[in-house]
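Beneath this line is the structure, given in structure tokens, with notes to follow.
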Amino acid sequence: MEVRSFRGRHACLFVAVIGLFFSFASFGAQPDRSWDSFRHGWLPAPPAAEIIEGSVKSQHFPLAGYRISLYANFTISGGFQRKLATAVSKPDGSFRLHYRLPPGLIATMPPVLLLVAEKGLVTLATVVSGSEVPLQLVINERTTVATAVSFAQFIHGRNLRGNHVGMQNAVKMVTNMADPASGRTSDVLRETPNGSETSTFATFNALSNVVAACVAASEHCEQLFAATSVAGAPPADNILQALANLTRHPSYPLYPQDSADPIFLLSLAAPLYQPALEQRPTNWLLFIKFTGGKYSAQDRFNLMNGPGNIAFDAEGSAWILNNYIPKATNQNACASQRLLRFYPWGETYEGSPYYGGGLSGAGFGITLDPRGNIWVGNFGFESPACADGTVPPDPANKIPATHNSVSLFHKSGRPISRSNGFTRGNIWWPQATVSDREGNIWVANCGNDTVTMIRSGNPLLAKNFLLPGANPNLQPTESPSLKPFAIAIDTRGRAWITGNKSERLYRIDQRGNVEEVSTGGAELSWPMGISSDSKGNMWISNSDAVNVPCVDPLDPQGGGNPSIVFMPADGGAPVQVFGKGGLSIPWGNAVDGSDSLWVFNFGHTPFEDVQADTVWPDTGVSRFCGSGDCPPGMAVGDPISPDTGYTSDALERITGGGIDPSGNLWLLNNWKKIGPFVYDTNPGSNSFVIVPGAATPVKTPLIGVPRHFP
């Protein structure tokens, strides 16, 4: 066996890790205790003691006699938590903590610092990054809710444990809800596009009131623990675990009977925080809306218009494609030429949006390849007026839109493809654009019933495959008969493609062998999205309503009987579920790290005879038991979400979405609820929504089948 020496940065990392672990031998609540492991001289000297000052409060009332514990949560070596210091709050609620952080990996992998205030059955908390510790902190009901929701997938009893990317990003997500320094609700929740415009702020206050009820009376804590304990798991015995359970299992049966939901009743017991919910919600998730600024109204100064699909990079940043150029609703919107990027907590990334590369009305196609570069399919979304010459033609601004390319961007946002994009491989009205683990890029050409494979990401090696039943002599202006739409990659690297108009399923391997896949008796009805789970099983969304506008104009179908189809990887009998779990017009879908299915609904039918004053029901997200561990008594395909779905007035017509390393669910408001009424001008919506902590984390980028990110 060959023994290699550590050199360069590997040696530094080795020393850093050793230093970190040696330092834990002397970790504890006593700040002046010497660190014997640093007396030998070959390791760095311990840092000076740090100080955190703060207060424990209920609303503005001080809470005395609470024991405050400070924990450092590290994500190396599988993750572990160490107590750094303790204190007891004084009559005015104040406390002071002296602590030391170990040297070593702090700069590159800072710990998550969790502060817990306990008294009796009450557990209040807040969380900050070890690299950015405020001088003053407030621990109250708001910070407790924000912490529990953001870290819902990482809370295990009284400990935090999870992947480094997701844990660090969750710290920033906390600040979307509450300010750790002041304990006040964040501007993100209080102001437009949230605030009074959606129920999210009121839901957050209602949850804060649930915690306030627990602070006021111990029997309320017992009621909270009983209501949020999960079958098959240890019972909840602290507020953080209870709220984390509620985020992971956010609905109760018998909606809309208020008396059947103990959480809603608890929210009325000590209503300190207002405005709060006045009636029981369908779920207790927090749907935080983002437009790129503090605005809701649509105009030409907006950041986005028609966000269609999403892809996450390794750091959890979100790359979102955009259908239309921002315009007011009554103005014709032509093809967008911008690519959007957001930090993992929803803030617009510095330098975003990005331009160039041939972008032209991207539709549903966006992916990251194994090198971290971003590929976008240029479908050419535009108002009909931009295509027929009503809007003056302008080639520089893609008026009318092109429909024949994909664009490639470096992970820095710099365009790699030129102004016309990559056009080889007979690309025509491309929708899904997906990478496999080998770096092959698969493109569903909705406009000519073919699929293009760009082998190894080299546009010179692009090859086109005609799908079974397609017309090989189809002209560019003719309506396609199959309309390939979405693509998913299985464990063998094969591409599975939905035929929206043909109502068929296709598969192509990396050698170019094309076949139609039998659905074994399951029916496909205007299918849209498709996703693989970790085992290679496939999930298909049957819209039963959407004939994709592709060369030909929008042609709404009757709808009313949506479903999902589960196709087992082993060739077993498929499972089809009709109209349950809140399915309305299922479009895209995604599988989380525990192989549960999330379905994104494109609002409700009917499309026809829509009036300007049509009142649409709230859009919901649907969730189903998958091939992983199901809740007790459930099997594959059983709905976890209620018959309404997880609804929110922050949602409009959703096409795409995804799950990030923190377990946050991202949902794209592609069209306004009144979208069909303004289809010929500007149906696009200008927002996306993040639902913190709702799903099991996924390792990103998603290339091939999803991977759990513990």
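The values are calculated or read from the model by the stated rules, or taken from the named source; none is laboratory data. All figures in this text were calculated on a predicted structure; none of them were measured in a lab. Cβ coordinates were reconstructed from backbone atoms using ideal geometry, including for glycine residues, and neighbour counts include every protein chain displayed. When the accessible area is computed, the model is the full protein with side chains, heavy atoms only, and any ligands, DNA or RNA have been set aside. Shrake-Rupley method; radii C 1.70, N 1.55, O 1.52, S 1.80 Å.
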Check your understanding: Summing +1 for each Lys or Arg and -1 for each Asp or Glu, what net charge is found among the other residues whose Cβ lies under 10 Å from the Cβ of Val548?
Key -> 0
Check your understanding: Given the protein chains as shown and a 1.4 Å probe, how many square angstrom of Lys673 are accessible, to the nearest 10?
Key -> 40 Å²
**Study point:** Accessible area per residue, Å², the chain with all protein chains present, probe 1.4 Å
**Key:** 38 Å²
**Study point:** ³J(HN,Hα) computed for each position of region 251-260 - Karplus, 6.51 cos²θ - 1.76 cosθ + 1.60, integer Hz, glycine/proline x
**Key:** 10, 10, x, 6, 4, x, 6, 4, 5, 7
Exercise for review: Go through 330-343, 512-525, 217-230, 363-376 and give me the packing order, highest mean Cβ count within 10 Å leading.
Suggested key: 363-376, 330-343, 217-230, 512-525
Check your understanding: Between Gln257 and Phe578, what length comes free when the chain is fully extended (0.36 nm per residue of separation minus the Cα-Cα distance, one decimal in nm)?
Key -> 113.1 nm
Practice item. Evaluate 2.2 N^0.38 Å with N set to the residue count of region 92-185, then give the Cα radius of gyration divided by it. Key: 1.05
Review point. Which net charge results for the neighbourhood of Gly658, defined as the other residues with beta-carbon distances under 13 angstrom from its beta-carbon, given Lys and Arg at +1 and Asp and Glu at -1?
Key: -2
**Study point:** Quarter of Cα convex hull surface for region 497-607, i.e. mean projection, nm²
**Key:** 7.6 nm²
Point to revise | Förster radius 22 Å - calculated FRET efficiency between Ser196 and Tyr343 (Cβ-Cβ, nearest 0.05) | key: 0.30
Practice item. Output ³J(HN,Hα) for region 195-206: one whole-Hz value per residue in order, computed from phi by the Karplus curve 6.51 cos²θ - 1.76 cosθ + 1.60 with θ = phi - 60°, and x for Gly and Pro. Key: x, 7, 7, 9, 8, 5, 4, 5, 5, 4, 5, 4
Review point. Stokes-Einstein at 4 °C, 1.567 mPa s, Kirkwood radius from Cα pairs: D for region 209-334 in µm² s⁻¹?
Key: 72 µm²/s
Check your understanding: So what's the angle, to the nearest 10 degrees on a 0 to 90 scale, between helix 141-150 and the longest Cα principal axis of the chain?
Key -> 50 degrees
Exercise for review: Provide the per-residue ³J(HN,Hα) series for region 171-179, in order, calculated from phi with Karplus coefficients 6.51, -1.76, 1.60 and θ = phi - 60°, each as a whole number of Hz, with x at glycine and proline positions.
Suggested key: 4, 6, 5, 3, 6, 6, 10, 9, 8
Review point. Taking a spot 7 Å from the Cα of Ile76 along the direction of its beta carbon, which residues of region 161-181 have an amide N less than 11 Å from it?
Key: none
Check your understanding: What Kirkwood hydrodynamic radius, in Å, does region 210-253 give when the mean of 1/r is taken over all pairs of distinct Cα atoms and then inverted?
Key -> 10.5 Å
Check your understanding: For the pair Gln510 and Glu478, what calculated FRET efficiency results from E = 1/(1 + (r/R0)^6), where r is the Cβ-Cβ distance and R0 = 25 Å, to the nearest 0.05?
Key -> 0.25
Revision key, fill the gap. At the level of C-alpha centres, the distance separating region 474-548 and region 172-192, in angstrom, is 42 Å
Revision key, fill the gap. At 10 °C in a medium of viscosity 1.306 mPa s, region 391-507 has a Stokes-Einstein diffusion coefficient, with Rh taken as the Kirkwood radius over alpha carbon pairs, in µm² per second, of 107 µm²/s
Review point. For the chain, with the dipole built from +1 on Lys and Arg beta-carbon atoms and -1 on Asp and Glu ones, taken about the Cα centre, which of Gly457, Pro392, Thr402 lies farthest toward the positive end?
Key: Gly457
Review point. Ranked highest first by average number of other Cβ atoms within 10 Å, how do 193-201, 645-653, 410-418 line up?
Key: 645-653, 193-201, 410-418
Check your understanding: For the chain, what is the charge dipole size about the Cα centre, in debye to the nearest 20, if Lys and Arg each add +1 at the Cβ and Asp and Glu each add -1 at the Cβ?
Key -> 2340 debye
**Study point:** Rh by Kirkwood over Cα pairs, then Stokes-Einstein D for region 194-235 at 1.002 mPa s and 20 °C, µm²/s
**Key:** 182 µm²/s
**Study point:** Environment charge at Trp539 (Cβ cut-off 11 Å; Lys +1, Arg +1, Asp -1, Glu -1)
**Key:** -2
Exercise for review: Per DSSP H run of n ≥ 4, the term is -39500 (n - 2.57); total these for the chain, divide by its residue number, and report the mean residue ellipticity at 222 nm rounded to 500 deg cm²/dmol.
Suggested key: -3500 deg cm²/dmol
Check your understanding: When N counts the residues of region 307-410, how does its alpha-carbon radius of gyration compare numerically with 2.2 N^0.38 Å, as a ratio?
Key -> 1.08
Point to revise | Ratio of the Cα radius of gyration of region 103-256 to 2.2 N^0.38 Å, where N counts its residues | key: 1.04
**Study point:** region 530-687, relative contact order [Cα under 8 Å, separation at least 6], %
**Key:** 18 percent
Check your understanding: How many percent of the accessible area of region 554-710 is carbon or sulfur, using a 1.4 Å probe?
Key -> 51 percent
Revision key, fill the gap. Measuring from the longest principal axis of the C-alpha atoms of the chain, the long axis of helix 8-24 (C-alpha) lies at a number of degrees, nearest 10, equal to 40 degrees
Revision key, fill the gap. Computed from every Cα-Cα pair in the chain, P(r) in 20 Å bins starting at 0 and rounded to whole percents is 18, 49, 28, 5, 0
Review point. So for region 575-710, what are the equivalent ellipsoid semi-axes in whole Å, largest first, each being the square root of 5 times an eigenvalue of the Cα gyration tensor?
Key: 28, 17, 11
